[in-house]
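In what follows, a single structure is set out as structure tokens and then discussed.
The values are calculated or read from the model by the stated rules, or taken from the named source; none is laboratory data. Everything numeric here is computed off the predicted structure, so don't read it as measured data. Note that each Cβ is placed from the backbone with ideal geometry, even for glycine, and that neighbours are counted across all protein chains shown. Quick note on the areas: whole protein, heavy atoms, side chains included, nothing else; ligands and nucleic acids left out. Shrake-Rupley method; radii C 1.70, N 1.55, O 1.52, S 1.80 Å.
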Amino acid sequence: MRGASSAGAPGIGDADFPEDGNGGYDVEHYTLKLSYDPATKRLVGSATVQAEAVQDLTAFHLDLHGLTVSRVTVGGAEAGFGRQGDELTVTPATPITDGARFDVTVHYSGVPDPIRNYANLGTYGFIATADGSFVTCEPNGAKTWFPSNDHPADKATYTFEITVPAGVTAIANGEQAGPPVTSGATTKFVWREKHPMASYLATMMTGKFDVRTGTSPAGIPIYAAVDPAFRSTLDSLYTESGRITDYWAGVFGPYPFSSTGAVLDDYSAGYALENQTKPIYGGFSPTTGIMAHELAHQWFGNSVSITRWKDLWLNEGFATYAEWLWSEHDGKASADSVFRAYYEKALDPMWSYPPGRAQRADLFNNSVYTRGAMTLHALRREIGDPLFFALIKKWASTHRYGNATTEQFIAMAQQVSARNLTAFFDGWLFRTGRPAATI
Ligand code: TRP
Ligand code: ZN
């Protein structure tokens, strides 16, 4: 209804995370111009969000947790703004019309406050470390360091201009636009991620780092960085990241991004995260199994992204299954023997948690990982290797750089195999109880 007062919704429409993301627009690009001082832990700067309105907008929301907003402009003109919880409401001087492109710049500063709200999700978001920052945002921690449409359903490209004290390295997604520039006591690093990225995969790792760059045997650029405490593992982290990325390109289809890599810090969040182009590892030198998991996410999760959090098995089930494939490739346990060992655990709690329905406060439940991976292996047994691997490649290529749902995966599996797999997927993904299988 053109002309009528219409504010964008405060959430993007994920039933489990109703306040995450926002309605009324699609983000195309984020430009984050940020300074961070590890000594004071203060982040200062601006975020420019370029978006396209999908309705008339008299006002719209961004997600932002903590931090102090000093000024907001839309199209260069001063805009009104308000804060309520983790919602930043922007009222442009002139309403935006449906279909129009617009840009909003938010100037802000403060000491980022990571999220610890859910016992099973740990601490996430922008986390200060002794010498910098460790930024791991799944599922909704991007809002702890930049105003965003903080939900994977709205992917965008990014430019990061990060200024840190001279001697500190700043690492973000994608590739560097040029060498870092030092002027006086600070150094500015510019990074660009030119492929669409979910907000939870955006990162800005700062601190003392030893860096190695080059290309994988197949020619994919690699950027690997380690905290000096892990100096002795830089070469293996670099080499294995390239080798594993190349291997997955053979199994899943062409690598979707312009570089691969790894960042290993001495801080531990208790898990690794598949940050686009540069997974982060913390506290210990990762096994190749963990790296195989995080690098498989570049295809499953990062290039093909979920549309709603309840479909998280499309990320974690696939990445866990990739660990089993890697184990077999590496001369260790075969995927089939891993599957059988789990299947024999008749009393495992995963049988009472349907993995196709990840739950809000327990998104990373073991069932989403292990039973999710078992679903794929059971499917492979059901339709045979040629169709299974053709399906996995087709899934990666059809939804490359986009978003997808479990229903779309099931439909594609049925189409590729020319079989009705409703009962199969129902038992593996949506029902409690251990599905029947021939072992
Ligand atoms: N996505 C990560 C991985 O499996 C895991 C992860 C992210 C996680 N955030 C978490 C696990 C919080 C437990 C709690 O690669
Ligand atoms: Zn994972």
(message) How big is the dipole moment of the stretch 305-430 about its Cα centre under a simple scheme where the beta carbon of each Lys and Arg is +1, that of each Asp and Glu is -1, and everything else is neutral? Debye, nearest 20, please.
(response) 300
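Assigning unit charges at the beta carbon (Lys, Arg +1; Asp, Glu -1) and nothing else, what dipole magnitude in debye, to the nearest 20, does the chain show about its Cα centre?
Dipole of the chain, to the nearest 20 debye: 360 debye.
I want to verify the translational diffusion coefficient of the chain in µm²/s; compute it with Stokes-Einstein, Rh as the Kirkwood radius over Cα pairs, at 37 °C and 0.692 mPa s.
146
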(request) Nearest 5 is fine: what % of DSSP beta bridges in the chain come out antiparallel, could you say? (result) 80
(request) Run the accessible area of the stretch 46-118 with a 1.4 Å probe and give the carbon-and-sulfur part as a rounded percent. (result) 47
(request) Can you pull the one-decimal nm distance between simple spin-label points at Glu344 and Thr68, each 7 Å off the Cα toward Cβ? (result) 6.2
(request) Could you check the simple spin-label distance between Thr97 and Glu328, using points 7 Å along Cα→Cβ, in nm with one decimal? (result) 5.7
(request) May I ask you to give the solvent-accessible area per residue for the chain, in square angstrom, as obtained with a 1.4 angstrom probe? (result) 37
(message) What percentages make up the Cα-Cα pair-distance distribution of the stretch 1-201 when the bins are 5 Å wide from 0?
(response) 1, 8, 15, 21, 20, 16, 10, 5, 2, 1, 0
(message) Below 8 Å between Cα atoms, with a sequence gap of 6+, how large is the relative contact order for the stretch 1-201 in percent?
(response) 22
(request) Among Thr215, Ile280, Thr239, flag the residue with its Cα farthest along the positive direction of the charge dipole of the stretch 209-303, charges on Cβ as +1 for Lys/Arg and -1 for Asp/Glu. (result) Thr215
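Only Cα pairs under 8 Å and at least 6 apart count here; give the relative contact order of the chain as a rounded whole percent.
Numbers: 1054 pairs, mean separation 50.0, N = 439.
With pairs under 8 Å counted, the relative contact order is 11 percent.
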(request) On a C-alpha basis, how far is the centre of the stretch 355-388 from the centre of the stretch 83-111 in Å? Whole number, if you could? (result) 39
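Ordering Lys208, Lys194 by how much accessible area each has at a 1.4 Å probe, largest first, what is the list?
From most accessible down to least: Lys194, Lys208.
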(request) Between Asp362 and Asn120, with labels modelled 7 Å along Cα→Cβ, what's the label distance in nm to one decimal, could you check? (result) 0.4
(request) In debye, nearest 20, what is the charge dipole magnitude of the stretch 209-303 about its Cα centre with +1 on Lys and Arg Cβ and -1 on Asp and Glu Cβ, if you could check? (result) 180
(message) Taking loop as defined by DSSP and a crowding limit of 16 other beta carbons within 10 Å, which trypsin sites (Lys or Arg not before Pro) in the stretch 1-56 fit?
(response) Arg2, Lys41
(message) Based on the alpha carbons, how large is the Rg to Rh ratio for the stretch 305-430 when Rh follows Kirkwood?
(response) 0.94
(request) Whole Å is fine, so just give me how far the alpha carbon centre of the stretch 133-152 lies from that of the stretch 281-306. (result) 18
(message) Under the rule of at least 5 residues apart or a separate chain, name every residue whose amide H is placed under 5 Å from the amide H of Thr186.
(response) Ala166
(request) Whole number please: convex hull volume per residue, Cα atoms of the stretch 205-249, in Å³. (result) 68
(message) If Rh is defined by the Kirkwood formula over all Cα pairs and Rg also comes from Cα, what ratio Rg/Rh do you get for the stretch 209-303?
(response) 0.94
(request) Could you pull out the chymotrypsin sites (Phe, Trp or Tyr not before Pro) across the stretch 197-306 that fall in loop regions by DSSP (anything but H, G, I, E, B) with no more than 13 other Cβ atoms inside 10 Å? (result) Phe284
